[in-house]
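Below is one structure, written out as structure tokens, with a few remarks after it.
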Amino acid sequence: MLKVQLLRYTPEGEKLIASAAKLCYSSIGIGEIEDNLETKDIDSFLNMLMGLGHESPIEHVNFTFGVEGVSRTLTHQLVRHRIASYSQQSQRYVKLDQFEYIIPPSIAEDEDAKATFIESMETAQKSYDELSNILYKKHYNRYIDEGSSEKEARRKAEKEAIEDARYVFPNACETKIVFTMNARTLLNFFRLRCCNRAQWEIRQLAIEMLKELKKVYPNLFKYAGPGCLKGPCPEGNMTCGKIVEVREKFLEEDWEL
Ligand SMILES: Cc1cc2nc3c(=O)[nH]c(=O)nc-3n(C[C@H](O)[C@H](O)[C@H](O)COP(=O)(O)OP(=O)(O)OC[C@H]3O[C@@H](n4cnc5c(N)ncnc54)[C@H](O)[C@@H]3O)c2cc1C
């Protein structure tokens, strides 16, 4: 099951953004700007920046998420967002005695499709186990022949065996990932991934992330969401045709918090 945690974020982020932005237009020092900033100034500065499209000051604020219960299909799309930092559970070092997998809802709700899907996962696990054993024996014997101790041969052989056996794992494999994005990257991420045209799993993740962010920095993420919140649908002919509903959903004041 999808689990999204906002692990850390820049404290007083909205104040930091307003200070940095104010510095661009001010002759006084940084300390003085910070000391004199009141909440109403922060709100109005954030509104002004977002209105002007002056987004670079929001890069000073970072957010680290911990995400579990997602597929490798999802993380393959996630890591395409280059202005971010990632740490993902490795299949190279972690042996999966029973790998977990994500079943897409369209498959889960259909008995026949689900049975075929599960059978395929079980076959993948069986192949992984068999390949791990075959490769382990091969590498172990080679290391012993080369003069390694039994302990050393076991350690190296196991690592090399799972490194190649994992090639049979499917995109459905469950994974865990920690990543850090700044607010500007996040706005771009939401423009692309909250869109109805984005793939269902990453859209679900994007919406859960946005919910967490709205709890801590409601002003900063007030207008965050798919590209059609501001201006026409960027998808052109591929539009979902639901711009009114989408705008209502994302611009509601107490948006599903
Ligand atoms: C609906 C959908 C379908 C997609 N389909 C495909 C697909 O079929 N095949 C595929 O390969 N990808 C696909 N993608 C992925 C997409 O092309 C992007 O790689 C991904 O969304 C990351 O977006 P980004 O580059 O804006 O983000 P980031 O990498 O975080 O970059 C943020 C912004 O920084 C700027 N930037 C970053 N790096 C550079 C650079 N090297 N040069 C210039 N500017 C840069 C750009 O303005 C960019 O928007 C799809 C994405 C979506 C949302």
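A few remarks follow.
- Cα-based helix-to-principal-axis angle, 39-52 vs the chain, degrees rounded to 10: 80
- Computed FRET value (nearest 0.05) for residue 93 with residue 115, which takes r as the C-beta separation and R₀ as 22 Å: 0.10
- Think of region 129-248 as having a plus end and a minus end, set by charges on the Cβ of Lys, Arg, Asp and Glu; of 179, 135, 213, 213 sits farthest toward the positive end of this dipole.
- The protection proxy used here, the mean number of other Cβ atoms lying within 10 Å of each residue, ranks peptides 237-248, 183-194 as follows, highest first: 183-194, 237-248.
- Highest-fluctuation residue, 36, 182, 219 considered, GNM on the chain with Cα pairs under 10 Å: 36
- Which listed pairs, of 3/40; 114/242; 211/242, have C-alpha distances above 25 Å, in listed order: 3/40; 114/242
- Packing around the peptides 89-97, 127-135, taken as the average count of other Cβ atoms within 10 Å per residue, puts them in this order, highest first: 127-135, 89-97.
- Lys, Arg +1 and Asp, Glu -1 on Cβ, resulting dipole of region 149-257 about Cα centre, debye, nearest 20: 320
- Spatially proximal lysines relative to residue 137 (Cα-Cα < 29 Å; intrachain offsets below 8 disregarded): 95, 126, 151, 156, 159
- Counting only Cβ charges, +1 for Lys and Arg and -1 for Asp and Glu, the dipole size of region 25-141 around its Cα centre is about 900 debye.
- Between 0 and 90°, nearest 10: helix 150-165 axis offset from the chain longest Cα axis: 60
- Choice from 20, 115, 161 with maximal GNM fluctuation in the chain (Cα, 10 Å cutoff): 115
- The Cα atoms of region 123-257 give a gyration tensor whose axes a ≥ b ≥ c have a/c of 1.5 or more with a/b greater than b/c, which makes the shape prolate.
- Leading residue at positive end of dipole, region 48-100 (Cβ point charges), from 96, 66, 85: 96
- For the chain: rounded, prolate or oblate by the Cα gyration tensor [a/c cutoff 1.5]: oblate
- Exposure rank, largest accessible area first [14, 109, 122; 1.4 Å]: 109, 122, 14
- Of the residues 100, 201, 160, the one that moves most in a GNM of the chain with alpha-carbon contacts below 10 Å is 160.
The values are calculated or read from the model by the stated rules, or taken from the named source; none is laboratory data. Owing to the predicted nature of the structure, the values given are computational and were not obtained by experimental measurement. Quick reminder, even Gly has a Cβ in these numbers, built from the backbone with ideal geometry, and neighbours come from all protein chains shown. With ligands, DNA and RNA removed, areas are computed over all heavy atoms of the protein, side chains included. Shrake-Rupley method; radii C 1.70, N 1.55, O 1.52, S 1.80 Å.
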